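Inspection log for the structure reproduced underneath, given as structure tokens.
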Ligand SMILES: Cc1cc2nc3c(=O)[nH]c(=O)nc-3n(C[C@H](O)[C@H](O)[C@H](O)COP(=O)(O)OP(=O)(O)OC[C@H]3O[C@@H](n4cnc5c(N)ncnc54)[C@H](O)[C@@H]3O)c2cc1C
Ligand SMILES: Nc1ncnc2c1ncn2[C@@H]1O[C@H](COP(=O)(O)O)[C@@H](O)[C@H]1O
């Protein structure tokens, strides 16, 4: 079974994140790039499926030059090879354009399954998986907390507010994962060394079949009009518990009419 | 005035509060038209009328038998037929997916996790864990907008008709490829739903074990939902669907109570827009206190039970 895992490099949430003043896109120089955390779960799930069913795991990343760091990390977890779509024309693409571009790039690859994270920590749109399934015309098996493949059939547990839905489809399909699905592995020293030799196929937008008239900031379907630092919250009242901390908190809630 | 489609969230005919918020926002843009999927519209219609729905499009329950795609077909079809000015859905995980697919079908842009929207469909967002506020708009096609629950204050309208209109739905084969074969409800008790609740009481690693009764008791005294930090969920102390934060649920209640939660940026990302924040933590340096309107430095195992008792006494 051939699996493509979509991996995005995002700014580390632990650092201060900024937007560029000129074009209001993410300032990628302001913070360190890391693999979008949920994508590590996607990689892990793909590796588990490969261990069970055989085949190959390919990483697909679209992003700026620095994203090679995340690709190496993904390869050192055990993925076999990578495709890196890297083109200035893609800068500033919004969620829908990203889904379009990834769908086009997937069109140049052979796969039985696409696995991705259910949300990125920077954009947080949570739409790429669904939009991708729409573009590719493939079954949407998103928000998966459990995945089982049996021959050409696939079954997942889709997380919902009330618990989960059991969803069935035929391969090929698009699967997005939630973080309870597995525990991503740490790369071993041996794998880190091996990863340096694994092939990374760099593609321009044109190589990946992407129409540059449909991507990038100039063709975006949405626009950030302005941005500003959030107004600081007014400083609160902090008391030390001296046996009456609960009572004082109750007084605060009463004052605010919650009790 | 052009119609603004609002996808209704309901449970067994009971309209969720977030839908009344969306209808309120829709009135700023145009004429609200509710889109109801499944049974139970008889019991929900009054609430839709109260918040300004002039029309209610009703689609059959079969739409729910497949993942997301049929709902996107439904919304795209209605938007085209009615010349809708915008489509509003609540920013739940599933509805964001519906928004994404609908946008692809319409060739539109989509905006998610919106905390406010004005008459020109300019949206407000709280990003980077609440540190930055942005405004955005859709530049192509019918704007598809997913609004966070508790962001808009619902206001009743006068005399909307909520005229019912059945929608003939023919689900395409392409939309039938991912079939829901079973729905499994995991016990969640009588508490309000996390993303909808006006009050949320959350517990963190400071609770110390899977005995969450200290959190639950306080929540119940306030009629609140229970939330948890990721440290708690990762430890297996509380189920996954209660996680608040960047990779969990985003909540924006009137009151958020954090018990034994340090206030890591990823937790803050899910609760920073709460109107009032109360924190109990034994470490005076805990970052959660930077956000707190009221904070108690102390042991939650003594402070929270005392608070619960006081609330119950004062009821
Ligand atoms: C990509 C990414 C995504 C993440 N997503 C989320 C997310 O969605 N949600 C989330 O919550 N976290 C998330 N995290 C994890 C986050 O960084 C923190 O690790 C987590 O929030 C810590 O949980 P905590 O506050 O319960 O635990 P801790 O940070 O360990 O804090 C426990 C607190 O309890 C206090 N305490 C201990 N005992 C007591 C007592 N008896 N009485 C009072 N106070 C006490 C301590 O002083 C401490 O401040 C994410 C991390 C990453 C990298
Ligand atoms: N530029 C990208 N390259 C590769 N994968 C991506 C990219 N953007 C988003 N994804 C995938 O889509 C998922 C959801 O992202 P989002 O919808 O933006 O929150 C991520 O977890 C990634 O797996």
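The values are calculated or read from the model by the stated rules, or taken from the named source; none is laboratory data. Given the structure is predicted, the values throughout are model-derived calculations rather than measurements. Note that each Cβ is placed from the backbone with ideal geometry, even for glycine, and that neighbours are counted across all protein chains shown.
Looking only at residues that are under 13 Å from residue A:224 (Cβ atoms) and at the interface with another protein chain (Cβ under 7 Å from one of its Cβ atoms) in segment B:102-127, which one is nearest to the chain's Cα centre (by Cα)?
Filtering first and then ranking leaves B:111.
Show me the strands (runs of 3 or more DSSP E) found entirely inside segment B:87-195 where at least 2 residues are closer than 26 Å to residue B:63 by Cβ and in contact with a strand residue (DSSP E or B) (Cβ under 8 Å, 6 or more places away or on another chain).
By residue number, B:110-117, B:144-147, B:163-166, B:179-185.
Out of all the residues in segment B:246-270, which are near ligand 1 (Cβ under 9 Å from one of its atoms), more than 10 Å from chain A (Cβ to nearest Cβ), closer than 23 Å to residue B:220 by Cβ and assigned to a loop (DSSP other than H, G, I, E, B)?
Listed by number, the residues that qualify are B:260, B:261, B:270.
Would you mind finding the one in A:69, A:39 that is outside any loop (DSSP other than H, G, I, E, B), more than 13 Å from chain B (Cβ to nearest Cβ) and under 30 Å from residue A:188 (Cβ atoms)?
A:69
Filter the strands (runs of 3 or more DSSP E) completely within segment A:120-172 down to those with at least 2 residues that are more than 8 Å from chain B (Cβ to nearest Cβ) and at pLDDT 95 or above.
Of the strands (runs of 3 or more DSSP E) lying wholly inside segment A:120-172, those with at least 2 residues that are more than 8 Å from chain B (Cβ to nearest Cβ) and at pLDDT 95 or above span A:140-150, A:153-159.
Scan (1) facing chain A (nearest Cβ under 10 Å); (2) over 24 Å from the mean Cα position of the chain (by Cα) for the single condition residue B:240 breaks and write down its number.
Failed condition: (2).
Taking segment B:244-267, which residues are modelled with pLDDT under 95 and touching a helix residue (DSSP H, G or I) at 6+ places or on another chain (Cβ under 6 Å)?
Those that are modelled with pLDDT under 95 and touching a helix residue (DSSP H, G or I) at 6+ places or on another chain (Cβ under 6 Å): B:245, B:246, B:247.
Out of B:232, B:226, I need the residue that is within 13 Å of ligand 1 (Cβ to nearest atom) and either crowded, with 21+ Cβ neighbours inside 10 Å or on the phi > 0 side of the Ramachandran plot (or both). Which one?
Of the residues listed, the single one that is within 13 Å of ligand 1 (Cβ to nearest atom) and either crowded, with 21+ Cβ neighbours inside 10 Å or on the phi > 0 side of the Ramachandran plot (or both) is B:232.
Would you pick out the residues in segment A:98-119 that are within 12 Å of another protein chain (Cβ to nearest Cβ) and either within 16 Å of ligand 1 (Cβ to nearest atom) or touching a strand residue (DSSP E or B) at 6+ places or on another chain (Cβ under 9 Å) (or both)?
A:98, A:117, A:118, A:119
Quick check, is residue B:143 away from ligand 2 (no atom under 16 Å from the Cβ), within 9 Å of another protein chain (Cβ to nearest Cβ) and either on the phi < 0 side of the Ramachandran plot or free of Cβ contacts under 8 Å to residues at least 40 places away in the same chain (or both)?
So residue B:143 fits the description; yes.
Being under 21 Å from residue B:139 (Cβ atoms) and within 8 Å of another protein chain (Cβ to nearest Cβ), is that true of even one residue in segment A:73-94?
The answer is yes, given that some residue of segment A:73-94 is under 21 Å from residue B:139 (Cβ atoms) and within 8 Å of another protein chain (Cβ to nearest Cβ).
Is it fair to say residue B:277 is modelled with pLDDT of 95 or more, near ligand 1 (Cβ under 7 Å from one of its atoms) and under 22 Å from residue B:196 (Cβ atoms)?
Judged against the criteria, residue B:277 is not a match.
Could you list, in sequence order, the residues of segment B:84-101 that are under 13 Å from the mean Cα position of the chain (by Cα) and either more than 20 Å from residue A:117 (Cα to Cα) or away from ligand 2 (no atom under 15 Å from the Cβ) (or both)?
Residues satisfying the conditions are B:88, B:89, B:90.
Take segment A:72-86 and flag every residue that is touching a helix residue (DSSP H, G or I) at 6+ places or on another chain (Cβ under 7 Å) and in a loop (DSSP other than H, G, I, E, B).
Within segment A:72-86, A:78, A:79, A:86 qualify.
Any idea which of (1) more than 19 Å from the chain's Cα centre (by Cα); (2) within 12 Å of another protein chain (Cβ to nearest Cβ) is the one residue B:205 doesn't satisfy?
Every listed condition holds for residue B:205 apart from (2).
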